[in-house]
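Chemist: I have a structure I would like to understand better, so I am pasting it below and will then ask my questions one at a time.
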Amino acid sequence: MKNVNLLPDLSGKSAIIFERTWLAEELPYLDGSDKYYVLSIDRNIYLKNDWIFTSMQGASMVASLSERLYRSGVKKIIRIGTTGSLHDHHKLFDIVIPTAVYKDEGTSEHYVYKEFPCICDTNLCATIISILKDSNSICHEGVSWTTDGRWTESLEKMTELKKWGVLSVDMETSAFYTVCFKNKIPCVSLNFITDFPIKSEENGLRGIPENYDNYKKELLINVNVVVDLITKNPT
């Protein structure tokens, strides 16, 4: 493992940002990859073939990391995270791919006006959806919601957004999309469903899985499959 103050030259490489640090640390796909500890982002990064992998959580932090990756020469960024589904017909570990996002976090406004639309890269999104569907992975594409306030997600607001057709809620996607759009770098987010906040609103967990060990095991299995698919197919 190498310690460096700045990110190494990543020109022409593609990046995957995991929401959970342990996904990068424990993902079987990354066994044997080159590993760096980057002091400037206080994170491990893993290099394998033409891909780099790292992790970050929270809208402002993911935005900052996306900026660093862009300035280091990365040509596209895929984020793999978790999300709370607002719909009963979704299943645990289905994938939500937000094609557009209702911005309800504060980071985006530092880059564009609040009224400016928030979308992923349509070409990259279509390619990823095709790869997943060809492998029979279950994915849902549509509008999502990003908020800074997990503990202020009211049942009333979630129910209203569900009526509007909003698929899910997370804490990073709109900031991630906004930064990448501003920098003209293709991006898309793949958000695994890990909870149903409307159903669990009364138990106070707010997105924390009740059976954490099983959740972690199943998420690692599902993410490993998706990473293998993405990196082995042209994107």
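FYI, it's all coordinate maths here, none of it is from the lab. Because the structure is a prediction, the values reported are computed rather than measured. No Cβ is skipped: glycine too gets one built from the backbone with ideal geometry, and neighbour counts run over all protein chains shown.
Chemist: Say each of TYR37 and ASP213 gets a label point 7 Å from the Cα, pointing the same way as Cα to Cβ; how far apart are those two points in nm?
Modeler: 2.9
Chemist: Using the per-residue mean of other Cβ atoms lying within 10 Å as a proxy for protection, in what order, highest first, do the peptides 18-26, 88-96 fall?
Modeler: Output ranking for 18-26, 88-96: 18-26, 88-96.
Chemist: ILE52's amide H: which non-local residues (gap 5+, or another chain) put their own amide H closer than 5 Å, with H modeled 1.01 Å from N in plane and none for Pro or chain starts?
Modeler: SER14, ALA15, ILE16
Chemist: Related question: Roughly speaking, what is the stretch gain from ASP134 to THR122, that is 0.36 nm per residue apart minus the C-alpha to C-alpha distance, in nm to one decimal? Walk me through the numbers on the way to the answer.
Modeler: Working: separation 12, 0.36 × 12 = 4.32 nm, distance 1.81 nm.
Answer, rounded to one decimal: 2.5 nm.
Chemist: Let me ask you something else. For THR159 paired with LEU6, estimate the spin-label separation in nm (one decimal), with each label point 7 Å from Cα along the Cα-to-Cβ line.
Modeler: 5.4
Chemist: Right, next: Please list, in order along the stretch 103-113, the HN-Hα scalar couplings obtained from phi with the Karplus expression 6.51 cos²θ - 1.76 cosθ + 1.60 (θ = phi - 60°), rounded to whole Hz, x for Gly and Pro.
Modeler: Taking θ as phi minus 60°, the curve returns 7, 9, 10, x, 5, 4, 5, 7, 10, 9, 4 Hz for the stretch 103-113.
Chemist: Which one of SER55, SER168, SER135 has the biggest mean-square fluctuation once the chain is modelled by GNM with Cα springs under 10 Å?
Modeler: Sorting by GNM fluctuation, first place goes to SER135.
Chemist: Shifting gears a bit: I need the shape label for the stretch 58-173. Rule: rounded when a/c is under 1.5, else prolate if a/b > b/c, else oblate, with a, b, c from the alpha carbon gyration tensor.
Modeler: oblate
Chemist: Please list log₁₀ I(q)/I(0) at q = 0.11, 0.18 Å⁻¹ for the stretch 2-232, using the Debye equation with identical point scatterers on the alpha-carbon positions.
Modeler: The calculated log intensity ratios at q = 0.11, 0.18 Å⁻¹ are -0.52, -1.45.
Chemist: While we're here: Among 172-183, 117-128, how do they line up by average Cβ neighbours within 10 Å per residue, starting with the highest?
Modeler: Put in order of decreasing packing, that is 172-183, 117-128.
Chemist: May I pose another question? Out of the stretch 93-140, which GluC sites (Glu not before Pro) are coil in DSSP terms and have no more than 15 other C-beta atoms within 10 Å?
Modeler: Sites meeting the loop and neighbour criteria: GLU115.
Chemist: Then there's this: Considering amide H positions built from the backbone, and no H for Pro or chain starts, which residues 5 or more places from TYR102, or on another chain, come under 5 Å of its amide H?
Modeler: Under 5 Å from the amide H of TYR102: SER144, TRP145, THR146.
Chemist: Does the stretch 1-80 come out rounded, prolate or oblate by the C-alpha gyration tensor, with a ≥ b ≥ c the root eigenvalues, rounded set by a/c under 1.5 and, if not, prolate when a/b is larger than b/c and oblate if not?
Modeler: Cα axes put the stretch 1-80 in the rounded bin.
Chemist: With respect to the cross-link table entries LYS75/LYS182; LYS2/LYS184; LYS133/LYS157; LYS48/LYS75; LYS103/LYS157; LYS13/LYS35, which display a Cα-Cα separation exceeding 23 Å? Let's see the in-between values first.
Modeler: Values: LYS75/LYS182 14 Å; LYS2/LYS184 30 Å; LYS133/LYS157 31 Å; LYS48/LYS75 15 Å; LYS103/LYS157 14 Å; LYS13/LYS35 15 Å.
Pairs exceeding the cut-off: LYS2/LYS184; LYS133/LYS157.
Chemist: Among rounded, prolate and oblate, which fits the stretch 70-134 when a ≥ b ≥ c are the square roots of the eigenvalues of its C-alpha gyration tensor, a/c under 1.5 means rounded, and a/b larger than b/c means prolate?
Modeler: Oblate, since a/c reaches 1.5 and b/c is not below a/b.
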